[in-house]
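Asks: To start, I am sharing the structure in question, which I have written as structure tokens.
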Amino acid sequence: AGCGSTGSAPDPGTPPETAAGTPTATPTETPTRTPPEQRYRPQLLDVALVSTWSEPGDLDANRIASLPRGQPAVVAFRYRLRVPSGTINLKEGVDVLASDDLVVRRNRDMDRTVDTAGLYTWEDAMTFETDDWPTGRLTASVAIGELQLHRTSDPRTATFDLVA
């Protein structure tokens, strides 16, 4: 429910951390477990082309599959991140590709401030001019980087058609 620039409340279903903040690795752990240093990686939950975006929830409400060339392309994305209390510095990045060719890349630094440590979800968007983009099937690839701990989400993509 609560996605927005202020973040949502911590997830009560999140398991508590150890007193030091990260579990101690032991040689008997199975290799399929998430390493402690990866537990704080941002996670992209959804990416879509939308008709307009002005607030959290627009990613779902305004999702579209195609866009006329010359109209602004609005790429919306929702991500989740475990945050200690205070301010966290992020980099939001969007690549738009035609086949495997880069059409445009944009990165933006973003600071998020929270009062209490926990798992937070945010929704945001970037707008692009499409006048010189090729028509056809395009892919928007989004990734989120957490700058203090140098952790980056796995990219998540959305495909859409740019029509003449």
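The values are calculated or read from the model by the stated rules, or taken from the named source; none is laboratory data. Worth saying up front: this structure is predicted, and the values here are computed from it rather than measured. All Cβ positions, glycine included, derive from the backbone under ideal geometry; neighbour counts span all protein chains shown. SASA here: full protein model, heavy atoms, side chains in, ligands and nucleic acids out. Shrake-Rupley method; radii C 1.70, N 1.55, O 1.52, S 1.80 Å.
Asks: Report yes if some residue within region 15-23 is under 24 Å from GLU123 (Cα atoms), surrounded by fewer than 18 Cβ atoms within 10 Å (Cβ to Cβ) and modelled with pLDDT under 50; otherwise report no.
Replies: Yes, there is a match, as at least one residue in region 15-23 is under 24 Å from GLU123 (Cα atoms), surrounded by fewer than 18 Cβ atoms within 10 Å (Cβ to Cβ) and modelled with pLDDT under 50.
Asks: Can you name the number of the only condition in (1) β-branched (Val, Ile, Thr); (2) closer than 15 Å to ALA48 by Cβ; (3) in contact with a Phe, Trp or Tyr (Cβ under 8 Å, 6 or more places away or on another chain) that THR159 fails?
Replies: Of the numbered conditions (1) β-branched (Val, Ile, Thr); (2) closer than 15 Å to ALA48 by Cβ; (3) in contact with a Phe, Trp or Tyr (Cβ under 8 Å, 6 or more places away or on another chain), the odd one out for THR159 is (3).
Asks: Quick check, is THR52 at pLDDT 95 or above and part of a loop (DSSP other than H, G, I, E, B)? Break it down stepwise before answering.
Replies: On the way: at pLDDT 95 or above: yes; part of a loop (DSSP other than H, G, I, E, B): yes.
Answer is yes for this residue.
Asks: What about LEU45, is it more than 21 Å from PRO155 (Cα to Cα), at pLDDT 85 or above and of a type in the set (A, V, I, L, M)? Can you show your working first?
Replies: Numbers: more than 21 Å from PRO155 (Cα to Cα): no; at pLDDT 85 or above: yes; of a type in the set (A, V, I, L, M): yes.
For LEU45, the condition - more than 21 Å from PRO155 (Cα to Cα), at pLDDT 85 or above and of a type in the set (A, V, I, L, M) - is not met.
Asks: Turning to a different aspect of this structure: Within region 51-68, how many residues turn out to be more than 14 Å from THR121 (Cβ to Cβ) and either buried (at least 17 other Cβ atoms within 10 Å of the Cβ) or of a type in the set (A, V, I, L, M, F, W, C) (or both)?
Replies: Counting residues in region 51-68 that are more than 14 Å from THR121 (Cβ to Cβ) and either buried (at least 17 other Cβ atoms within 10 Å of the Cβ) or of a type in the set (A, V, I, L, M, F, W, C) (or both) gives 7.
Asks: Let me ask another. Of the numbered conditions (1) touching a residue at least 40 places away in the same chain (Cβ under 8 Å); (2) open to solvent by less than 70 Å² (accessible area, probe 1.4 Å), GLY136 fails exactly one; give the number of that condition.
Replies: (1)
Asks: Sticking with this structure for a sec: Filter region 84-133 for residues that are touching a residue at least 60 places away in the same chain (Cβ under 8 Å), open to solvent by 10 Å² or more (accessible area, probe 1.4 Å), hydroxyl-bearing (Ser, Thr, Tyr) and not in a strand (DSSP E or B) and give the result.
Replies: Passing the criteria: only THR116.
Asks: Another question, then. Take the residues in region 96-127 that are under 20 Å from THR52 (Cα atoms) and among the aliphatic types (A, V, I, L, M), then tell me which one is farthest from the chain's Cα centre (by Cα).
Replies: Filtering region 96-127 for residues that are under 20 Å from THR52 (Cα atoms) and among the aliphatic types (A, V, I, L, M), the one farthest from the chain's Cα centre (by Cα) comes out as VAL104.
Asks: Would you please list the contacts, defined by Cβ atoms under 6 Å and residues six or more apart or on different chains, that run from a residue in region 146-164 that is closer than 19 Å to ARG63 by Cβ to a residue that is of a type in the set (A, V, I, L, M, F, W, C) and outside any strand (DSSP E or B)?
Replies: PHE160/ALA65; LEU162/TRP133
Asks: Specify which of the listed residues (PRO31, PRO10) is of a type outside the set (Asp, Glu), over 24 Å from the mean Cα position of the chain (by Cα) and either modelled with pLDDT of 95 or more or open to solvent by 50 Å² or more (accessible area, probe 1.4 Å) (or both).
Replies: Result of the check over PRO31, PRO10: PRO31.
Asks: Continuing with the same structure: Taking the condition of being modelled with pLDDT under 95 and out of contact with any Leu (no Cβ under 9 Å at 6 or more places or on another chain), how many residues in region 100-127 meet it?
Replies: Residues flagged as modelled with pLDDT under 95 and out of contact with any Leu (no Cβ under 9 Å at 6 or more places or on another chain) within region 100-127 amount to 7.
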